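Asks: What follows is a structure written as structure tokens; I'll ask about it next.
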Amino acid sequence: MTSASSWIKGLNEAQKQAALHNNGPLLILAGAGSGKTTVLVARTGRLIDEGVARPDEILVLTFTNKAARELKERVASKIGHKGKSIWAGTFHSFGLSILRDHHKQAGLPKKFAIVDSTDARAIVKDLLKEHTHGDKEAFDPEVLLNLMAKKREGRKVPVDAHPSDVEMVEVILPKYLTRLKMLGAVDFDGLLLEPLILFKKYPDILEKYQSTFKQVMVDEFQDTNRVQMKLISQLVKSHENISVVGDDDQSIYGWRGAVISNILNFPKRFESCVVVRLETNYRSTSKILDVANSVIVKNKARHDKQLRPHKVSGEEGLPEVFTYDTDEEEIEEVISQVRYFESKGYKLNEIAILFRSNSQGGLLEGTLRKNNIEYSLSGGSGLFDRKEVRDILAYIRSAIAPNDLSIRRILNTPARGLGKVTYAHLDEYAQKNNVSFYKALRDWENVDGLPEAMGKKIQDFIEILEGLRTFLSQKDSVDYSVALTDFFARMGYKDYVYSSYKDNNTAYKKWQLLEIIGRILDGFISRSGRGIKTIQEFIDSMELRDPLDDEKEDGPPKLQLLTLHACKGLEFPVVIMIGVEEGLLPHETLGMDTDEERRLFYVGVTRAQKSLVLSKVRKRKRYGKWRLVTPSRFLCEVPEALLMHFENGARPLGEQGRRSMLDSLYAKLDQKIQKGSREVDG
């Protein structure tokens, strides 16, 4: 047994107060860089060591499996293997586990499918065909899905919703839910809504979870939505041992359903709530924190707190603001900024460029490629949106725990000549005999009207899945980043990928996605061991859009490009935030909530550890025309004394800087002279 003092050793007073809390509601307001994970680990480990709760009586809900795994591993490193019994994972994976345990009561098949956002859009598009008479542009599936989610949650329709969209939702929502039931599937919304329906319909199931989990903790609480709050409230209703960690100043996901009132009203919802403020920042310089504090204080609806630096150094410089004439000049000068910090000894991967709009990212990529600067982009298209990735996951799912959705996706991928007629025969047999589509597939010899030639192709497909299952369940050590690509190449998928794209370079990049999936699988197996159960857990995590590990790229360090939303939770020695202007930050079309846009600016500023650079322009090109722009209101809210302004877009050169620039110029001239001399000699 580890003593309580060992868990709280090295913590500051506020951190100790949170870590020593036993029962009842607790709100930990954890400012940026204030060590919230350390506090969660200390509190969890101490509760176990002191017998307040067993590991299997603790539930920790997070927004990434990576955060959950880190907590479990850090606790287990002190208390041993029993720390692995803590239930820690995402809200969606918790909902999935509830539905897996009670699939019969939920009216689901044992091996039900998970419909992700891409599949959900495809279903809506298909349903719209019946009502739009071929006019594909009449409705936006994303808008309809958003309205459908609100209706399913029992929320009011937004006042700005278009009446035709609202009417269409009334028509297609019942059909959408029927389609899910027919597929034996649950979508992402259903993973949270269905457990709530279960709890209401079967009080004994709710009581089971309430008595099982005597301590419930929630990380990143500011990002929770209404349904997640209902789920939490139900789980802790009998004991109110609920501890939440979050920062209302970093609530930046309102556009995807996060409700900031969850964290703002938490002390009112739970009257005996203890509130602990973690205000000591272990990340940034005092000068950077001065800028962050001066801006965020303008938001009225927030818990009162102020970040303070752990240490103050006399060598700290003021954050810098550069003004350029045009956005083209701004992008070009980013290269100079990067080179400047490289000259100061920073590696490329220690420098991050943050931006609000994807269009800025596109301009940046072009300029960096032109200057041969290696970069990594976060916040763009996701790995799971790639067709090839979805195909491979469907194959693995079908090999180990098939469901109708995964089977339908790959039955004719690559093409096997199994078209609509074959599907119709299988569907008819499945409905007539009340079996799944997969069971009909395996019973193909008994399916009326199915030609023997088609049956043999189905049998070949089944044998591919059986071979894949054997391959995945082998006990021997396998490098899946290589072996997976070999397997799919042998079964014809590589030829299929290369035949799907006009140029080989694009096809090669698509094929390389298999290696990425293999590398992620290798990492998962190295932690969890081999076996079908591990593969099942891997597939669950991938289908829930949580890849478990950040992909570590080989090769030289790369400059980090991130959207402001994608940078949350990260930190970098140097941060360069571009486009700090009205129209971009706050965004003129996306930034309806000014307070949330201010929080977005605050998140960007607080990613910087040592140096912060902000840039803006005087005019920006929109739709081929130049438009005058003004500095962001958030920049104007920072007192002048807290920033170093460079209105001409250049940092003054000291003597050493001038010498370096001249040396570089002379070196380039020498190269030209030598090149000219060689050409003459030739």
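Asks: By how many nm would the segment from residue 378 to residue 282 grow when fully extended, if each residue of separation counts as 0.36 nm and the alpha-carbon distance is taken off? Before the final figure, lay out the partial values.
Replies: Values: separation 96, 0.36 × 96 = 34.56 nm, distance 2.46 nm.
Stretched fully, the residue 378-residue 282 segment lengthens by 32.1 nm.
Asks: Based on alpha-carbon positions alone, could you give the equivalent ellipsoid semi-axes of the range 409-557 from the gyration tensor, as √(5λ), descending, whole Å?
Replies: Output for the range 409-557: semi-axes of 33, 20, 14 Å.
Asks: With +1 on the Cβ of every Lys and Arg and -1 on the Cβ of every Asp and Glu, and nothing else charged, how large is the dipole of the range 159-207 about its Cα centre, in debye rounded to the nearest 20? Please report the intermediate quantities before stating the final value.
Replies: Values: 5 positive and 9 negative charges, 60 e Å.
It works out to roughly 280 debye.
Asks: Whole-Hz Karplus ³J(HN,Hα) for the range 418-430, in order, using 6.51 cos²θ - 1.76 cosθ + 1.60 and θ = phi - 60°, x for Gly and Pro?
Replies: After applying 6.51 cos²θ - 1.76 cosθ + 1.60, I find 9, x, 4, 5, 4, 4, 5, 4, 5, 4, 4, 5, 4 Hz.
Asks: About its Cα centre, what dipole magnitude does the range 58-217 give when the only charges are +1 on Lys and Arg Cβ and -1 on Asp and Glu Cβ, stated in debye to the nearest 20?
Replies: Here the size comes out at about 1120 debye.
Asks: So what is the relative contact order of the chain, in percent, for Cα pairs below 8 Å that sit 6 or more residues apart?
Replies: Averaging sequence separation for qualifying contacts and normalising by length gives 18 percent for the chain.
Asks: Ignoring ligands, DNA and RNA, what percent of the accessible area of the range 17-100 is carbon or sulfur (1.4 Å)?
Replies: 50
Asks: Assign one of three labels to the range 80-132, namely rounded, prolate or oblate, based on the Cα gyration tensor with a ≥ b ≥ c the square roots of its eigenvalues; rounded applies when a/c is under 1.5, prolate when it is not and a/b is larger than b/c, and oblate otherwise.
Replies: Values: a/c = 4.87, a/b = 2.29, b/c = 2.12.
Judged from the Cα gyration tensor, the range 80-132 comes out prolate (a/c at least 1.5, a/b above b/c).
Asks: Right, here's the next one. Note the direction-averaged projected area, equal to a quarter of the hull surface, for the Cα convex hull of the range 258-407, in nm².
Replies: On the way: hull surface 65.1 nm².
The number I arrive at for the range 258-407 is 16.3 nm².
Asks: On the principal axes of its Cα set, how long, how wide and how thick is the range 459-546? Give whole Å, largest value first.
Replies: That works out to 40, 32, 24 Å along the principal axes.
Asks: If all Cα-Cα distances of the range 490-605 are sorted into 10 Å bins from 0 onward, what percent lands in each bin, rounded to whole numbers?
Replies: All Cα pairs considered, the percentages come to 10, 25, 26, 26, 12, 1.
Asks: For 255, 626, 87, 7, what's the largest-to-smallest order of accessible area, 1.4 Å probe?
Replies: Largest to smallest exposure gives the sequence 255, 626, 87, 7.
Asks: Hey, another quick one. Quickly estimate the mean residue ellipticity at 222 nm for the chain, helices only: each DSSP H run with n ≥ 4 gives -39500 (n - 2.57), and the total goes over all residues, rounded to 500.
Replies: Rounded to the nearest 500, it is -16000 deg cm²/dmol.
Asks: Moving on. Leaving out ligands and nucleic acids, note down the accessible area per residue over the range 245-395 with a 1.4 angstrom probe, in whole Å². List each step's numbers first, then the result.
Replies: Details: 6820 Å² over 151 residues.
Per-residue accessible area for the range 245-395 comes out at 45 Å².
Asks: Suppose accessible area is computed on protein heavy atoms with a 1.4 Å probe; arrange 93, 164 from highest to lowest.
Replies: Order by accessible area, largest first: 164, 93.
Asks: Taking 0.36 nm per intervening residue step and subtracting the Cα-Cα distance, what contour gain separates residue 370 from residue 431 on full extension?
Replies: Here the answer is 16.1 nm.
Asks: Here is a follow-up. Where q = 0.09, 0.13, 0.16, 0.18 Å⁻¹, what log10 of I(q)/I(0) comes from the Debye formula for the range 1-132, counting one point per Cα?
Replies: Scattering profile of the range 1-132, log10 relative to I(0): -0.40, -0.67, -0.87, -1.01.
Asks: May I ask which residue of 91, 523, 592 lies farthest towards the positive end of the charge dipole of the chain, with charges of +1 (Lys, Arg) and -1 (Asp, Glu) on Cβ and the Cα centre as origin?
Replies: Checking the options against the dipole of the chain, the answer is 91.
Asks: Same structure, new question: At 1.4 Å probe size, what's the solvent-accessible area of residue 470? Round to the nearest 10 Å².
Replies: Taking all protein chains as shown, residue 470 has close to 90 Å².
Asks: For 140, 249, give me the order by solvent-accessible area with a 1.4 Å probe, most accessible first, ignoring ligands, DNA and RNA.
Replies: 140, 249
Asks: Can you give the accessible area of residue 346 in Å² (nearest 10), computed on protein heavy atoms with a 1.4 Å probe?
Replies: 50
Asks: Right, something else. Which value in nm describes the separation of the simple spin-label points at residue 121 and residue 637, placed 7 Å from the Cα toward the beta carbon?
Replies: Going by the 7 Å Cα→Cβ label model, 3.3 nm.
Asks: Return the distance in nm (one decimal) between the two label points of a simple spin-label model at residue 70 and residue 530, each offset 7 Å from Cα along Cα→Cβ.
Replies: 3.1
Asks: Calculate the all-directions average of the projected area of the chain's alpha-carbon convex hull, and give it in nm².
Replies: One quarter of the hull surface, i.e. the mean projection, equals 37.6 nm².
Asks: Compute the length gained on full extension between residue 301 and residue 268: take 0.36 nm times their separation in residues and subtract their Cα-Cα distance, giving the result in nm to one decimal.
Replies: Value of the extension gain: 10.4 nm.
Asks: Cα convex hull of the range 481-523: mean projected area in nm², to one decimal?
Replies: 2.7
Asks: Separate question: Let me cross-check residue 526: its accessible surface, 1.4 Å probe, with only protein heavy atoms counted, in Å² to the nearest 10?
Replies: About 100 Å², ignoring ligands and nucleic acids.
Asks: Bin all alpha-carbon pair distances of the range 197-293 at 5 Å intervals from 0 and give each bin's fraction as a whole percent.
Replies: Binned Cα distances yield the sequence 2, 11, 20, 19, 17, 14, 8, 4, 3, 2, 1, 0.
Asks: Let me ask you something else. Taking the simple approach of a point 7 Å from Cα along Cα-to-Cβ for both residue 318 and residue 673, what is their distance in nm?
Replies: Taking the two extended label points, one gets 4.2 nm.
Asks: For the chain, what is the charge dipole size about the Cα centre, in debye to the nearest 20, if Lys and Arg each add +1 at the Cβ and Asp and Glu each add -1 at the Cβ? Could the numbers behind the result be given before it?
Replies: On the way: 102 positive and 96 negative charges, 201 e Å.
So the dipole magnitude of the chain works out to roughly 960 debye.
The values are calculated or read from the model by the stated rules, or taken from the named source; none is laboratory data. Quick caveat: nothing in here was measured; it's all calculated off a predicted structure. Please note: Cβ atoms are built from the backbone with ideal geometry, for glycine as well, and neighbour counts cover all protein chains shown. Accessible surface areas use protein heavy atoms only, side chains included; no ligands, DNA or RNA. Shrake-Rupley method; radii C 1.70, N 1.55, O 1.52, S 1.80 Å.
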